[in-house]
Each structure stands twice: as C-alpha cells, then as structure tokens.
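Just so it is clear, none of the values below were taken in a lab; they were calculated from the coordinates. Everything numeric in this text was worked out from a predicted model, so none of it was measured. So basically every Cβ, Gly included, is an ideal-geometry build from the backbone, and we count neighbours across all protein chains shown.
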Amino acid sequence: MRKHKSDRLIGALTLVLLLVGLIVIYAIGPMRINYTNAANGQNMNTNYYFVKQALSVAFAVVAFVVAFKVPYDKIRVLSKWVLRGGLLACAALAIFAAAGSSLAVCQNGACRWISVGGLGTIQPAEILKLGLVLYLAQLAAERKKAGKINKSDFFLPLLLVSALSLFFVIVLQKDFGSGAVLAAIILAIVLVAGVDWKWVVLALGGALVAGVLLIVTSAHRMERVMTFLNGEGADTYHIENAEIAIGTGGFFGVGIGNSVQATGYLPESINDSVFAVMGETFGFFGLMVIVACFAVLLMRILKIGDMGYEDEHQLVAVGVFGWIASQMAINIMAMTGLIPLTGITLPLLSYGGTSMAFTAAALGICLQLSCYTRRENNIKTPSKPGDRRRI
C-alpha cells in the first residue's frame with residue numbers, strides 16, 4: 001500500500017465552507033448582538049460573535065491539520081478513548097443537570113452543553129459522533145476479518161455502545177436531532193460492513209418503534225410534530241420566519257449585511273437557522289452553490305469508502321459520510337419545513353466551536369485516508385504482459 005497524493009478537493013471544500021460560515025457570522029453577528037443587548041440590557045461588543053467564530057474556525061483548521069498529519073495507526077489506538085471521553089462527558093452533563101449545577105448549560109428545557117468557564121462550552125454529543133465513527137469502524141473491520149460480523153461478538157458491543165449513546169443524547173439531553181445523526185452513523189457502518197439484511201431490517205423496525213415512543217411520550221416533541229402537520233403551535237413562528245427569510249432572498253439574495261430576519265425576527269439565526277439567513281443573504285443561487293459544495297465533499301468522502309485499501313478505512317469514511325450527510329439534510333429540511341423543527345447545526349457553517357472542531361477533525365482523517373486508496377479503476381486491463389495503459 002503506497003501513499004499517494006491526498007484528495008485536495010476535500011481540504012479546499014472544508015476551508016471554503018468554514019470561510020463562508022465566518023463571513024455570514026461577520027455579517028449578522030452585530031445584528032444579533034444588538035438584539036441581545038436590547039432584550040437583556042447588556043452592552044456586549046458588536047464583534048463578539050465574529051471574534052468567537054474566528055477563534056472557532058482557527059481551532060477547527062488546527063484540528064483538521066492535526067487529524068491529517070497524525071498517522072491513522074496512532075489515531076485508531078485512541079478511538080476507544082475518544083468514545084469513552086464522549087460517554088463520560090455525557091454522563092457528567094447528566095449529573096450536573098440533575099444537581100442543578102451551573103456547569104450544565106440548559107436552553108429551552110434541554111441541557112446539551114458543559115460550561116468550561118471563560119473558554120465557552122463543550123457539547124458532548126459532538127465528541128460522541130467522532131468516537132462512534134472510529135470505534136465502530138475498528139470493531140466492524142476486526143469482526144469482518146475474523147468472519148464474525150453476523151455473530152454476537154459484533155452485535156453485543158454494537159448494541160451496548162449504540163444504546164448507551166442514544167440514551168444519553170436523546171433521552172437525557174433531549175437532542176433528537178443529534179440522536180438521528182448518531183443513528184445514521186451506526187446504520188451506514190453496519191450496512192457497509194456486510195451485516196445480514198434480516199438483522200438490519202429488525203434493527204430499523206426496533207428503531208422506528210423506539211422513535212415513535214420517544215415522540216409520543218414527550219410533550220415538546222409531540223408539539224413539534226403537530227405544528228408540522230397542522231401548521232399551528234409554538235414552533236410556527238420559527239418555521240414561518242425561516243421560510244420568509246429564504247423567500248425574501250429571491251434568486252441572488254439581499255446581499256451581505258442586509259438581512260432583516262437576523263435582526264431578531266428569526267430565532268437561533270446564527271446557529272440552527274443559519275441556512276435560512278444564508279438564503280436571505282445569498283438567495284437561491286447562493287444556497288445551491290453551498291449545497292453543491294456539500295454534495296461534492298460528500299461524494300469525495302464516499303469515494304474513499306469505495307476505493308480504500310483497508311476495510312477500516314472504508315468504514316471510517318462511510319461513517320463520516322453518514323454523519324455529515326444526515327446532519328446537513330436534517331438542518332436544511334427543518335429550515336424549509338419538510339420535517340418537524342429540530343435543533344441541530346449546519347456542519348462547518350453554524351456558530352459553535354465544538355461541532356466545527358470535531359467535524360473538521362473527521363474530515364482531516366478522511367483527507368489522510370484519501371492518500372491510501374486503490375488506483376486499479378484508473379488502469380485498463382493489460383492486453384499482454386507489460387502493457388499497462390492509463391485511461
């Protein structure tokens with residue numbers, strides 16, 4: 001297995017998306033601060049969000065480069081520790097929230113962040129995403145090599161880790177969106193690992209039943225579903241203003257710094273609703289360019305999953321694909337009214353350091369693995385010994 005040049009398009013698109021997110025926060029950050037200052041009687045600097053986002057982007061770039069440069073063999077040794085760190089952080093958050101500690105940062109009845117003082121907050125679910133990708137890819141590759149992919153040696157640790165992760169995120173943190181992303185990661189790796197379809201169908205059926213139960217037993221989730229179905233409810237205001245923002249943008253948008261919805265009409269304009277604000281700012285054309293960037297990035301990651309030398313490399317790429325594709329789709333569909341509203345960031349574009357850093361790290365690992373893909377699809381079958389013509 002010889003190392004070759006990396007897929008530079010992955011690096012370029014990652015950087016482009018990070019910079020676009022920074023530009024958007026630069027444009028709407030002052031509006032958001034002015035609204036916050038007026039609502040809470042504060043006097044925060046108008047560049048507050050831009051400075052924090054710039055630091056987050058810088059940290060994400062460092063995470064991307066480190067993940068690209070550190071040999072994967074060393075990263076895989078840490079995979080269990082990353083997963084354990086994510087689970088322990090989730091457990092700590094649950095304890096802090098139950099104790100009423102200020103270390104648990106809660107919003108709208110959900111506690112999803114751990115405060116680290118003046119440094120900001122950490123979202124344990126983001127650590128869990130990367131840990132789950134690395135651990136499950138390694139586990140599945142080892143069991144597949146040993147011929148145990150459809151045996152209890154694989155299913156027992158898979159079910160234990162998956163159930164624990166989903167319990168922490170969906171039940172305790174009340175983060176159904178991130179839970180759906182974790183489920184997408186698990187499903188993507190299981191499918192590509194070669195698990196028998198009967199087990200996959202059985203798992204999907206169980207997940208569907210569990211998902212329905214989690215929705216009907218939660219007043220907040222049921223309200224969101226009824227809002228989606230009937231167009232009436234507490235989230236109607238949010239959805240309507242997101243659609244107004246996208247509609248106002250027209251084809252080419254109102255331009256940077258001219259957003260009206262970001263002045264306080266659209267909730268979470270710098271986080272979950274940044275796609276709608278970008279629609280207002282850059283218009284339909286701008287949104288299609290951004291979606292195209294994601295599509296090309298995902299296709300390059302999927303190519304690693306198809307052409308990787310090692311099963312584990314392929315499974316890591318597929319896990320990252322499931323992660324980014326599902327998170328992007330959930331955010332965009334929620335903002336356009338295609339699914340019930342759920343709080344989840346748009347990868348690399350929304351305001352927030354933890355999500356950006358761990359997503360960038362995952363992409364850095366994919367960039368490294370792109371150096372070890374097979375090339376035989378680029379070579380014609382030789383008609384005689386020594387005749388190897390590239391196409």
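Computed values, structure above
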quantity: Cα lying deepest toward the dipole's positive end in the chain, options Gly100, Gln368, Ala325, charges on Cβ; calculated: Gln368
quantity: Residue-span extension gain [Val291 to Val212] - 0.36 nm each, minus C-alpha spacing; calculated: 25.4 nm
quantity: Rel. contact order, % - alpha carbon contacts under 8 angstrom, at least six apart, the chain; calculated: 26 percent
quantity: Aspartates and glutamates with Cα under 15 Å of Lys69, excluding same-chain neighbours fewer than 8 positions away; calculated: Asp7
quantity: Placed amide H near Trp113: partners under 5 Å, 5+ positions off or other chain; calculated: Val105
quantity: Pairs from Lys145/Lys303; Lys129/Lys303; Lys3/Lys148; Lys145/Lys198; Lys5/Lys74 whose Cα-Cα separation, in the structure shown, is over 24 Å; calculated: Lys3/Lys148
quantity: Of the GluC sites (Glu not before Pro) in region 176-244, those whose Cβ has at most 13 other Cβ within 10 Å and which sit in DSSP loop; calculated: Glu232
quantity: Debye, to nearest 20: dipole size of region 1-152, +1 on Lys, Arg Cβ, -1 on Asp, Glu Cβ; calculated: 940 debye
quantity: Rough spin-label spacing in nm, given labels placed 7 Å along Cα→Cβ, for Cys106 and Val201; calculated: 4.4 nm
quantity: Segment Cys371-Leu19, extension gain: residue separation times 0.36 nm, minus the distance between their alpha carbons; calculated: 124.2 nm
quantity: Top positive-direction residue, dipole computed over the chain with Cβ charges, set Met307, Ala140, Asn258; calculated: Met307
quantity: Peptide ranges 291-301, 348-358, 38-48 listed from the most packed, as the mean C-beta count within 10 angstrom indicates; calculated: 348-358, 291-301, 38-48
quantity: Rounded to 10°, Cα long-axis angle of helix 311-335 versus longest principal axis of the chain; calculated: 20 degrees
quantity: Acute angle (nearest 10 degrees) that the helix 48-69 long axis makes with the longest principal axis of the chain, alpha-carbon atoms; calculated: 10 degrees
quantity: 222 nm mean residue ellipticity, helices alone, for the chain (DSSP H n ≥ 4; -39,500 (n - 2.57); rounded to 500); calculated: -22500 deg cm²/dmol
quantity: Check: the chain dipole with +1 on Lys, Arg Cβ and -1 on Asp, Glu Cβ, in debye; calculated: 1880 debye
quantity: Acute angle (nearest 10 degrees) that the helix 79-98 long axis makes with the longest principal axis of the chain, alpha-carbon atoms; calculated: 30 degrees
quantity: Stretch gain in nm, segment Val116-Leu164, where the contour uses 0.36 nm per residue and the Cα spacing is subtracted; calculated: 14.8 nm
quantity: Cα centroid separation - region 267-345 against region 191-265, whole Å; calculated: 14 Å
